[in-house]
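Read through the structure below, which is laid out as structure tokens, and then see the notes.
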Amino acid sequence: MAIVEKQPLELGTADTVSYAEKPLGVFTRPQGGRGWRDWLSTVDHKRIGILYGVSAMFFFLVGGVQALLIRLQLAVPDGSVLSADVYNQVYTMHGVTMVFLFIMPLAAAFANYFIPLQIGARDVAFPRLNALSFWVWLSGAIFLNTSWIVAGGGADCGWFCYAPNSGVAFSPSHGVDFYAIGLQILGLASLVSAVNLIVTCLNMRAPGMTLMRMPIFTWMLLITQFLLLFALPVITVALFLLMFDRVFDAQFFNVDAGADPLLWQHLFWIFGHPEVYIIVLPAFGVVSEVIPTFSRKPLFGYEFMVFSGIAIGFMGWGVWAHHMFVSGMGPISVAAFSLSTMFIAVPTGVKVLNWLATMWGGKIRFTVAMKFAVATVAMFTIGGLSGVTHSVAPANTQQTDTYYIVAHFHYVIFGGGVLGLFAGLYFWWPKIWGHFLSERVGNWHFWLTLVGFNLTFGPMHILGLQGMSRRIDSYARGYGFEFWNLTATIGSFLIAAATALFLWNVFKSRRDAPYLPPPGPDPWDARSLEWSVPSPVPVHNFDTVPQIRSRDDWWHTKYGEDSTGKVVQVATAQEAAQTGEATGVHLPSPSFWPLSVALGLPLIGYGLIFNLWFALIGALVTIGSLYSWALEPVDDPDAAHDDHDDHDDHDDGSNDRAVDNSDSNEATP
Amino acid sequence: MSAETATAGSVTTSTVDADNHGEDHGHASHATSTGLSNTKLAMWVFLGSECLLFGGLISTYLLYSTRGNGRTLPADVFDIPFTSVSSFVLLMSSLTMVLALSAVNRGEAEAGRAWLLATALLGAVFLGGQVYEFTAFVREGVGFTTSPASSAFFTLTGFHGVHVAIGIVMLMSLFIRSVNGNLNQRNSETVEIVGLYWHFVDIVWIFIFTVIYLIPVN
């Protein structure tokens, strides 16, 4: 990995310059422009963020349609919309799609777009690896979904795909092969992205941006990346074992040969429980940005928020077996994991109380973003509390594999994760696109979502406690399931209507934007650095690299104290913000190779399933692209080098403002 | 790093390295927040992830080491003296890797190339030993599909072997760069980073050899 990102050839000598003008490979190094090709070769973290976001929303619709099919099937007793077999595939792919193809990439979209902006960097540490992450993710997502066409159906083993159900004997179609290989490709994308973003957070901070001055959103994402870093290899092992079993007849999960199917459960949940925090911590980060902004108060207990996030990250590794209380792993394990699960509620509770304390006494503005953020806190608390009820092992024995569990994790993942990310969309939309989402349509979107969400998943608590099993494809009349199931189905269509409203909002706000006043750099009077640059953000982010003097530095640029200690505005956002007019800032050149590397991976996947010749072609494409990438000249030799004034400004500026740089190094690990 | 050094570093960057500060944020002369270059930090972070990968695979083998499906266990056919020799060869390659880095750091391109090649060759000898070992085991009735134990054994050691192979490819890439005159004191950090990977793969083998080969299964 080192040699592919490190440039092998220094420009400068006559030899290598001529080399740079005639690059190896079939593509000349693209120079950036405005057409669609530029999106394929972009290495700009903002564009990659947008690519992530748009693709994630597309898969939100795909997973949403699957959810509606599930709810239609269960709306009335003896549902006949789907066959039992197709039903298995639909709920499996619903789970996989929503987790791996919607929430994770939507969080990645925010991470890509805002981490460099919040820490005062011009891009991530490895711009081309960043593009690689996206293209590999997209190739994995498409690969996974082609199973509907080329494999005769999706995976049918549930999103956690327990052995031996996932074996060839019980799941003979190729769906599970696509699951095993597709998730490996997606995992590779997340791993590359995690390494990249960790290095970005640790290494690319602007002068004075110590770790304890980083915005809380960046902090939560940093923790998320560490969770990804350590969780992904574990599921990678599990998926390799599954793939070897299915494709090469290994014996990992063959019970007849003495294998232990619990191995899968352990490996899966060692990944799977941190995954819950991977989903929800980014949303916590969004909420922790939105609530202070719209309460006009600093975040209450910043340090506690950071360390409770870290505590959640650590403790998240010690609770995985609470997914396995009924697997017969013995009373000592059950007691230990029961206790650790109760404990992990503590740092989460700290966060909830700190959000409440932030709002307490604040001057609250209930914008749509704020509404979504407050709803996130409320709904996540409900989900968290039902989670604590699972930690009580005897009760858990009753609840396992019932709709009570389904209700719980949707309150956590939809109520915590998705609502939080929607808050982020409304909050940062003007920063990304240069116009607001309509607050009026947004209000409808919010209330419909909230009501629909509670109508859908609230009744599932009752259904579960009544004994309705998770994943059954139909139920008979007379168990008392009819009313609540119908309610849930109605609720799910309200969520669908709300999502349609959101899409309408996106379209309408874009259409109306030319007739409305532009939002300016800082429409919400917010606190972190991304609001100190114009909206939409110029391609080079910062005209001059900012000097950070305190936490919430941007806020303190705008506000100071008068002699009586009263907070007064010292500069408007418009005055204090950068103009975005710098020229000649030298940016990383685009590249087609990340896309090209990613194209080979699904071919390898198809090859392993159908015909190894495909795999050979795919491997050649990927390896060839990696080498072409390594040999690609780092800079476009024709790009402008004439004007370095703006770029050099920040070096001089660091002297002028006499910032205590030693501060920035003190807090680094 | 004091404020003065940091400033001096970036000033140097904008003069000496004027054509090159766009993309290569990892260049040694850039001041980063931690003082480590981006690429080196990325390698450390990546190796952290690799620990969990091998952790999962080693755990799998430990769980399955005695589950032979009524057939011969891998542990019954281990040839400890042979594997000890190939382990020694692999560990020596870490020494040559250090010598390679030291030579490149001192600007001795010839010696650097020789030690890089020696490291790759030692790695290749280890891989050859593994191929021999695998074929011998298959002849003795322990194949990949024989039992959970054998599947776990071949998967674990196979993953390690693939890591060694990737390391050899990286070493040979460095060798070719050096032949082309593109490996010198200025960018010797690349050698250091490949070295980090190589030493990691060696350390993993110490674990595998101890836990899998030397500790007997009952």
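Observations, loosely collected:
- Tally, over segment B:68-78, of residues that are open to solvent by 70 Å² or more (accessible area, probe 1.4 Å) and touching an Asp or Glu at 6+ places or on another chain (Cβ under 7 Å): 0
The rows are residues; the columns are (1) free of Cβ contacts under 8 Å to residues at least 12 places away in the same chain; (2) open to solvent by 20 Å² or more (accessible area, probe 1.4 Å); (3) β-branched (V, I, T); (4) part of a helix (DSSP H, G or I).
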| site | (1), (2), (3), (4) |
| --- | --- |
| A:M329 | no, yes, no, no |
| A:A335 | no, yes, no, yes |
| A:S338 | no, no, no, yes |
| A:P347 | no, no, no, yes |
| A:W355 | no, no, no, yes |
| A:F366 | no, yes, no, no |
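- Counted residues, segment B:96-119 - those being among the small types (G, A, S) and open to solvent by 10 Å² or more (accessible area, probe 1.4 Å): 6
- Scan of segment B:47-61 for residues that are facing chain A (nearest Cβ under 8 Å) and buried (at least 22 other Cβ atoms within 10 Å of the Cβ), ordered by number: B:G56, B:L57, B:T60
- Among the residues of this structure, B:E110 does not count as one that is acidic (D, E), within 30 Å of A:G187 (Cβ to Cβ) and in a helix (DSSP H, G or I).
- Of the set (1) more than 13 Å from chain A (Cβ to nearest Cβ); (2) open to solvent by 20 Å² or more (accessible area, probe 1.4 Å); (3) within 27 Å of B:S49 (Cβ to Cβ); (4) of a type in the set (A, V, I, L, M, F, W, C), all apply to B:V217 but (3).
- Filter result for the condition that a residue is within 20 Å of the chain's Cα centre (by Cα) and open to solvent by less than 20 Å² (accessible area, probe 1.4 Å), over B:S84, B:S93: B:S93
- Total residues in segment A:247-262, condition in a helix (DSSP H, G or I), open to solvent by 10 Å² or more (accessible area, probe 1.4 Å) and touching a Ser or Thr at 6+ places or on another chain (Cβ under 7 Å): 1
- So A:M209, is it within 9 Å of another protein chain (Cβ to nearest Cβ), touching a residue at least 40 places away in the same chain (Cβ under 8 Å), surrounded by 24 or more Cβ atoms within 10 Å (Cβ to Cβ) and farther than 18 Å from A:G605 by Cα: yes
- Condition met for A:F170 (more than 27 Å from A:V319 (Cβ to Cβ) and open to solvent by 10 Å² or more (accessible area, probe 1.4 Å)): yes
- Boolean, B:M92 is among the aliphatic types (A, V, I, L, M) and within 16 Å of B:S188 (Cα to Cα): no
- So A:D646, is it modelled with pLDDT under 95 and either assigned to a loop (DSSP other than H, G, I, E, B) or open to solvent by less than 20 Å² (accessible area, probe 1.4 Å) (or both): no
- Any chance A:L68 is in the same structural domain as A:W137 (by TED's automatic domain parsing), open to solvent by less than 20 Å² (accessible area, probe 1.4 Å), in a helix (DSSP H, G or I) and within 25 Å of A:G415 (Cα to Cα): no
- Scanning segment B:21-39 for residues that are open to solvent by less than 10 Å² (accessible area, probe 1.4 Å), more than 9 Å from chain A (Cβ to nearest Cβ) and either at pLDDT 90 or above or out of contact with any strand residue (DSSP E or B) (no Cβ under 8 Å at 6 or more places or on another chain) (or both) turns up nothing.
- Annotation: of all residues in segment A:537-575 being among the basic types (K, R) and under 33 Å from the mean Cα position of the chain (by Cα), the one that is least open to solvent (accessible area, probe 1.4 Å) is A:K558.
- Taking first residues from segment A:158-183 that are farther than 15 Å from A:N254 by Cα and partners that are modelled with pLDDT of 90 or more and among the basic types (K, R), the Cβ contacts under 6 Å between residues at least 6 apart in sequence or on separate chains come to A:D177/A:R246.
- The lone criterion from (1) at pLDDT 95 or above; (2) open to solvent by less than 20 Å² (accessible area, probe 1.4 Å) left unmet by A:F244 is number (2).
- Top-ranked residue in segment B:139-160 [being more than 14 Å from chain A (Cβ to nearest Cβ) and more than 20 Å from A:A259 (Cβ to Cβ); ranked as surrounded by the most Cβ atoms within 10 Å (Cβ to Cβ)]: B:E140
- The sole residue among A:S589, A:S532, A:S509, A:S528 that is within 14 Å of another protein chain (Cβ to nearest Cβ) and surrounded by 15 or more Cβ atoms within 10 Å (Cβ to Cβ) is A:S589.
- Options A:L222, A:L197; residue that is within 11 Å of chain B (Cβ to nearest Cβ), crowded, with 24+ Cβ neighbours inside 10 Å and under 17 Å from the mean Cα position of the chain (by Cα): A:L197
- One residue stands out in segment A:124-153 among those that are in a loop (DSSP other than H, G, I, E, B) and either without any contact (Cβ under 8 Å) to a residue 12 or more places away in the chain or buried (at least 24 other Cβ atoms within 10 Å of the Cβ) (or both): the one that is nearest to the chain's Cα centre (by Cα), namely A:V124.
- Segment A:276-327: number of residues that are more than 16 Å from A:T348 (Cα to Cα), assigned to a helix (DSSP H, G or I) and at pLDDT below 95: 7
- Scanning segment A:425-483 for residues that are out of contact with any Leu (no Cβ under 6 Å at 6 or more places or on another chain), within 30 Å of A:G580 (Cβ to Cβ), buried (at least 20 other Cβ atoms within 10 Å of the Cβ) and of a type in the set (A, V, I, L, M, F, W, C) yields A:L425, A:F427, A:W428, A:I432, A:F436, A:L437.
- Entry remark, segment B:169-187: residues being open to solvent by less than 30 Å² (accessible area, probe 1.4 Å) and of a type outside the set (S, T, N, Q) number 5 in total.
The values are calculated or read from the model by the stated rules, or taken from the named source; none is laboratory data. No experiment lies behind these values; they were computed from the predicted model shown. A quick note on method: Cβ atoms are made from the backbone with ideal geometry, for glycine too, and the neighbour counts reach across all protein chains shown. The area values use the complete protein model at the heavy-atom level, side chains included, leaving out ligands, DNA and RNA. Shrake-Rupley method; radii C 1.70, N 1.55, O 1.52, S 1.80 Å.
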